[in-house]
1. Would you please calculate the Kirkwood hydrodynamic radius of region 211-312 over all C-alpha pairs and express it in Å, rounded to one decimal?
2. Over the chain, what is the relative contact order in whole percent, taking alpha-carbon pairs under 8 Å and six or more residues apart?
3. Fully extended, how many nm does the chain gain between Gln322 and Ala243 (0.36 nm per residue separation, minus their Cα-Cα distance)?
4. Averaged per residue, what accessible area in Å² does region 809-851 show with a 1.4 Å probe, protein chains only?
5. When ranked by the protection proxy of mean other Cβ atoms within 10 Å per residue, highest first, what sequence do the peptides 410-423, 492-505, 715-728 form?
6. If R0 is 35 Å, what FRET efficiency do you get for Lys144 and Asn301 from their C-beta distance, rounded to 0.05?
7. Counting Lys and Arg as +1 and Asp and Glu as -1, what is the net charge of the other residues whose Cβ lies under 12 Å from the Cβ of Arg559?
8. Under a point spin-label approximation (7 Å from Cα along Cα-to-Cβ), what is the Ala88-Thr748 distance to one decimal in nm?
Amino acid sequence: MKKTWLLSLGCLLLTAACTSGGEKSTDVRRVVCIDNDWSFTLTDYEAMPYASTGIKDSEALASAETADGQWRKLNVPHDWAIEGEFSAKNPSGTGGGALPGGIGWYRKHFTLADLGLGDKADAQLLIRFDGVYMNSTVWLNGHKLGNRPYGYISFEYDMTPYLNKKGDNVLAVRVDNSDQPNSRWYSGCGIFRSVYITAVNPVHIVPWDTYVLPHAPQAGAYRYGEADSLVIAVAGTDAPSAAALLARVAIYNKEGKTVFTTEASFDGTTTGVRFRIPNAERWSVENPALYTARIDLYRDNQLIDDYAFRFGIRDFEFNPEQGFRLNGKPLKLNGVCLHHDLGCLGSAVNRRAIQRQLEVMRGMGVNAVRCSHNPPSVELLELCDEMGFLVMDEAFDMWYRRKTQRDYARFFTEWHERDLGDLVRRDRNHPSIVMWSIGNEVLEQWDDARADNLSLEEANMILNAGHDYSEPLDTGFTFNQLLTRHLCDIVRRLDPSRPITAGCNAADPRNNLFCEGGVDIIGFNYHERNFPRVPEWFPGRPFIISESVSALQTRGYYRMPSDSIFVQPSRWDRPYFDPSFKCSAYDNSHAPWSSTHEVNLRYYNDLPYIAGQFIWSGFDYIGEPTPYGWPARSSYFGVVDLAGFPKDVYYLYKSEWTDETVLHVFPHWNWTEGQEVDIWAYFNHADEAELFVNGQSQGVRTKGRDFHTQWRVVYEPGEIRVITRKNGREVKSQTVRTAGEPAAIRLTPDRKHLAADGRDLSFVTVEIVDKDGNLCPLADNPVNFSVNGPAFVAGVDNGLQTSLESFKAPQRHAFNGKCLVVLQSNGTAGRVTLTATSDGLSDAKSTISFK
Ligand code: GAL
């Protein structure tokens, strides 16, 4: 028996059929990623050119006979909106990124043999979509498998009854993102996450109901134990016949060594197993050690299923006085909020693009991510597990009260229980997740002027989805408190091992979500002046800043005097206009509900009971271009711009949150002669900094309670130099020179050796430099890209919030000296030469190999 296990473990580790790690393929559980070779059209049946040939409705379009030969061929994950043109008329509005929506159809033909499943004619065939934005309907061979409105949730259908086991099968997916606006940010459109087919024995393990659990609740209300039991669920059998099943469980450490084995029988359709791993390696931010649990399912001594998943062993605590602890050690969650878009790649999931985002965040000392404000991709969670990021996994941005006209609120009553439950079921094995969030700034926080006027009948419809609140309005709780408790119950039933929070901008005790039986962790969005009152308002309850800062910045743009604070707009409900359409990259510009980074950081550092914070936002994202309207179409909130280039404030965090020695001097040194210019420096590991302008000292500064030093000097061309010192000894120095005229292009790929897997990406930084190689900080030259070899331009960007250039065209203007081109493998191995040209500048070439 042991030998079989070893053999099949080999198979498990070697067979990487899927792009997202998730489930692996084995002989008895075959998982096939079907991302390649779909046909696509961005029209609904009314507009079909062959309407005259009998295509009158969706059902006809879904049928096996429909001719799709002329449709565009593509691979998913795919986002059609990112390929579109920006327009003020697009119904998504600038809030949604001003890109198009619409209705799109995808079709895919396959035979079981094509998928390598020729021997699986007797199997049960399941299809899983990791995410389709939005309102998707799926058919197989003209039979409807189902409809799923929520665009961020993963879902699965059973294809078996309609499958053609011998011949051609046709999957048809209608994606309806025509009802807009339905989002406060850019959502993307289409099958934007991966698709998998799984062939299993009709009696099989149910992955989402198979999970590790910590042992019994620990002493202390907000302590969560290490994993020590495993729940295994099977489907396709009833309880009596399940008695013939046996699960053999093995747990492997990260080196693949078996550390535990056991067996369990079933007397229902689930079974539980206790395990103990002596000296278990703890999962942590520094050492994200993962274990693999593998379950082999036998019936009458015959192996009928095997399923493996990763988990981690760690314990954590949200302490009302001392904040967060991981494995007994204090740790603040130095976090960021991230939306799911990947800049110029749109919302189409790409593992490397997410990994790069996390690497950039790690570079400034971030150890936590809030998936704002919707179910994240599986890839993000896997990467957080592997790289050691802590996660707040968030379900919704709205409940039944809408925030935009056509948003998820219209589906909430019918779907919330299913969507929230499926999120928890899908994600509960990820050790990175340390809390669930049931919502962001939901309007149900208030029961005052925004009273809901729900009838008892409507109220019951919302609460009674599987619940027994027969007289919800007579319980002593407000309706919205009952709803909060109902949502918390859904989560707690499925996962008692993590606390629940919510991002609340009603940051005081009247908030419905903070009621008894409501969220475990008090979560404030903003309202930093209320942070000191938390212990008095919420005695004995832990606290986290679920969202902070919302400063506004455009990379490389500076508004002086730098010590004046620009609040834009002056009040949240007032319009704002400035012809620059830019926000200052000194930390002196923010929205009226928020603060500068420095002000927030002061509160954060001073109050020990704050478990952590999630800065709004780590990266700029498409949509929500506060404080501007058209043509602004992406956010100003990021610490890093949309192209992935850090803004100056990145180095504030790097100096505070990492051990690296930091000195960052800004702005650039290309001004008008005689102009007064403010020079800032972020630094650490030193007690003073001295600035020299063309060799002349401008004085020594210390930081005091500020997080930066500042000098006001008169501009003269040449150079500025800052030296930091500790105890009189130089720690670091940085020189910024006046750049001359643009003369050349410089290309710097983030990676030069990539996988030829059709997915891998090289992010190439493009800089406009003078004849001496200095970055020209104001250059906006247009750059053209050509690619020779097995790769293509997957996207271009420059981080400018008002650029209306296409994210997909092989050209881009530089903005403040820089732009980005992203190359993607086309699946073939070989060397790729990227050439960048621009009139009047010397060309640049870079070679990248795909293996
Ligand atoms: C918050 C909200 C975020 C984002 C941010 C911008 O109130 O939760 O989604 O809109 O404001 O400042």
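1. The answer is 14.7 Å.
2. That works out to 9 percent.
3. My answer for the length gained is 23.6 nm.
4. Heavy-atom SASA per residue in region 809-851 reads 42 Å².
5. 492-505, 410-423, 715-728
6. 0.30
7. Charge balance in the 12 Å sphere: -3.
8. 3.8
The values are calculated or read from the model by the stated rules, or taken from the named source; none is laboratory data. Worth saying up front: this structure is predicted, and the values here are computed from it rather than measured. Counting neighbours? That spans all protein chains shown, and the Cβs are built from the backbone with ideal geometry, glycine included. We work out accessible area using only protein heavy atoms, side chains counted, and drop any ligands, DNA or RNA first. Shrake-Rupley method; radii C 1.70, N 1.55, O 1.52, S 1.80 Å.
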